[in-house]
Amino acid sequence: MTPDRMTPDQSSAADVKPTAPKGYLRLGHHVVLPVERSTVIASLFAAATLLLAAAATLTLGRLGIALGDLPSTVLGDAQGKDAFVFDRLRGPRLVTGIATGAAFGLSGALFQSVTRNPLASPDVIGLSGGAGAGAAAFALLLPGVPVWSGALLGALLAMCLVYVSTGTGFRDPGRLVVAGIGVAALATALTQYVVYVVERDKATVLTAYLNGSLAARSWTDAGTIWLVLLVAGPLAALVSRRLTIAEMGDEISAALGSDPGRTRTAAVLLSVALAAGAVSVAGPIAFIALTAPQIARRITRGAGPRQLLSALLGALLLVLADLASQQLTLFDDLPAGIYTMAVGGIYLGYLLTREWRKGTL
């Protein structure tokens with residue numbers, strides 16, 4: 001039958017545009033991606049808000065770049081004050097903050113997914129504290145060794161201590177929190193010993209770093225954390241589907257052809273690497289890794305790690321905290337980690353209360 005002799009039913013059927021099944025996103029006529037629309041919409045909104053926060057970081061304040069000059073400045077055509085502000089003061093700080101927040105958010109999403117525990121994050125179980133202690137020890141005692149290697153070693157040691165001390169690995173929420181608090185306390189004690197006893201005269205140099213700060217960041221710092229994120233991000237995306245299956249339980253995961261043990265190991269190692277990389281350039285900034293994935297899950301109301309949205313929200317939270325650090329005149333340039341600690345502490349209290357009422361603690 002030729003096209004000009006098609007029946008009305010055939011003609012109407014040919015005009016119907018194919019639609020993607022629920023929970024999938026269609027791109028054109030032949031490409032269908034397993035991405036929920038709610039996640040896409042939330043991610044676009046988070047990215048737009050992050051862009052506004054980034055513009056505010058560069059334009060607000062006495063040294064801010066005029067909004068009309070911002071595009072040319074970002075493209076490298078600035079001169080004089082604008083070039084100095086962007087290249088030395090705020091540009092590296094902003095770019096470092098975006099990648100650091102994203103790394104913390106992605107790290108928390110991986111860890112919460114693999115442990116199936118909303119209270120699990122590099123902050124609560126002591127990974128950030130261990131990374132901070134390792135970075136401080138290497139920076140002061142082994143100045144010739146890269147700081148990031150100390151952060152990675154400290155994070156790995158903290159993870160091993162928590163895993164062994166719980167007696168059940170990462171499964172029991174109550175034991176995980178208690179063991180994490182203990183490991184974090186040990187890491188804090190070691191950090192204070194290194195800073196105030198071994199190298200007392202250099203303590204002021206690391207004060208802001210140990211609280212978590214983006215002040216005085218350089219393009220080298222930005223390059224370091226972006227490299228970590230660009231390497232670990234795609235690897236995390238590769239295990240995303242397996243993590244979603246693993247959240248159903250080890251038996252179902254194994255029955256569906258996913259090795260839960262290898263998936264768990266890969267996710268934990270990626271989480272530690274991301275947290276250690278973030279700590280090495282900005283210090284142990286608290287609670288970004290805890291709150292960003294939880295906000296992502298509550299926005300989308302779905303299963304799975306929500307990696308992209310968690311990373312975007314982590315970047316947004318840290319950029320907003322650093323914006324407050326720079327612009328709030330009530331406090332004199334407090335480190336961004338102080339603001340995230342205040343907000344995250346309240347949120348942690350809420351999560352602990354909710355888990356206690358549910359009987360899981």
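A few notes on this one:
- Every condition in (1) under 30 Å from Thr59 (Cβ atoms); (2) under 19 Å from the mean Cα position of the chain (by Cα) holds for Leu290 except the one numbered (1).
Here's the yes/no breakdown for (1) within 19 Å of Asn211 (Cα to Cα); (2) open to solvent by 10 Å² or more (accessible area, probe 1.4 Å); (3) of a type in the set (S, T, N, Q); (4) without any contact (Cβ under 8 Å) to a residue 60 or more places away in the chain:
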site: Leu269; (1), (2), (3), (4): no, yes, no, yes
site: Ala276; (1), (2), (3), (4): yes, no, no, no
site: Leu290; (1), (2), (3), (4): yes, no, no, no
site: Pro293; (1), (2), (3), (4): no, no, no, no
site: Arg298; (1), (2), (3), (4): no, yes, no, yes
site: Pro305; (1), (2), (3), (4): no, no, no, no
site: Gly314; (1), (2), (3), (4): yes, no, no, no
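- Here region 210-249 is the region considered, the condition is being farther than 14 Å from Phe111 by Cα and polar (S, T, N, Q), and the residue that is least open to solvent (accessible area, probe 1.4 Å) is Ser213.
- Scanning region 153-185 for residues that are part of a helix (DSSP H, G or I), within 22 Å of Leu269 (Cβ to Cβ) and open to solvent by 40 Å² or more (accessible area, probe 1.4 Å) turns up Leu153, Leu156, Leu157, Cys160, Leu161, Tyr163, Val164, Ser165, Arg175.
- Taken over region 335-361, residues that are among the small types (Gly, Ala, Ser) and either crowded, with 20+ Cβ neighbours inside 10 Å or closer than 23 Å to Leu52 by Cβ (or both) amount to 4.
- Residues of region 41-62 classified as within 12 Å of Gln327 (Cβ to Cβ) and open to solvent by 50 Å² or more (accessible area, probe 1.4 Å), total: 2
- Of all residues in region 316-329, those satisfying the criterion of being of a type in the set (S, T, N, Q) and buried (at least 18 other Cβ atoms within 10 Å of the Cβ) are Ser325, Gln326.
- Scanning region 69-105 for residues that are open to solvent by 10 Å² or more (accessible area, probe 1.4 Å) and under 30 Å from Thr168 (Cβ atoms) returns no hits.
- Failed item in (1) closer than 13 Å to Ala215 by Cβ; (2) surrounded by fewer than 14 Cβ atoms within 10 Å (Cβ to Cβ); (3) under 20 Å from the mean Cα position of the chain (by Cα); (4) not hydroxyl-bearing (Ser, Thr, Tyr), with Asp332 passing the rest: (3)
- All of Gly337, Gly261 fail the test of being out of contact with any Leu (no Cβ under 7 Å at 6 or more places or on another chain), of a type outside the set (Phe, Trp, Tyr) and under 26 Å from Gly91 (Cα atoms), apart from Gly337.
- Some residue of region 331-351 being in a helix (DSSP H, G or I), in contact with a helix residue (DSSP H, G or I) (Cβ under 8 Å, 6 or more places away or on another chain) and of a type in the set (S, T, N, Q): yes
- Scanning region 118-152 for residues being buried (at least 21 other Cβ atoms within 10 Å of the Cβ), within 29 Å of Leu243 (Cβ to Cβ) and not β-branched (Val, Ile, Thr) gives a total of 19.
- Note on region 26-142: enclosed helices (runs of 4 or more DSSP H) holding 2 or more residues that are touching a residue at least 12 places away in the same chain (Cβ under 8 Å) and closer than 30 Å to Val239 by Cβ are 37-59, 91-115, 127-141.
- Only one of the listed residues (Gly344, Gly349, Gly359, Gly337) is modelled with pLDDT under 85 and in contact with a Ser or Thr (Cβ under 7 Å, 6 or more places away or on another chain). That residue is Gly344.
- Filter result for Ser253 (modelled with pLDDT under 90, under 13 Å from Ala102 (Cα atoms) and in a helix (DSSP H, G or I)): no
- Among the criteria (1) farther than 22 Å from Leu157 by Cβ; (2) more than 12 Å from the chain's Cα centre (by Cα); (3) assigned to a helix (DSSP H, G or I); (4) at pLDDT below 90, the one Leu323 does not fulfil is (4).
The values are calculated or read from the model by the stated rules, or taken from the named source; none is laboratory data. Since this is a predicted model, take the numbers as computed values, not measurements. Neighbour counts are summed over all protein chains in view; Cβ atoms, including those assigned to glycine, are modelled from backbone coordinates with ideal geometry. Side chains are part of the model used for accessible areas, which takes the heavy atoms of the whole protein and leaves out ligands, DNA and RNA. Shrake-Rupley method; radii C 1.70, N 1.55, O 1.52, S 1.80 Å.
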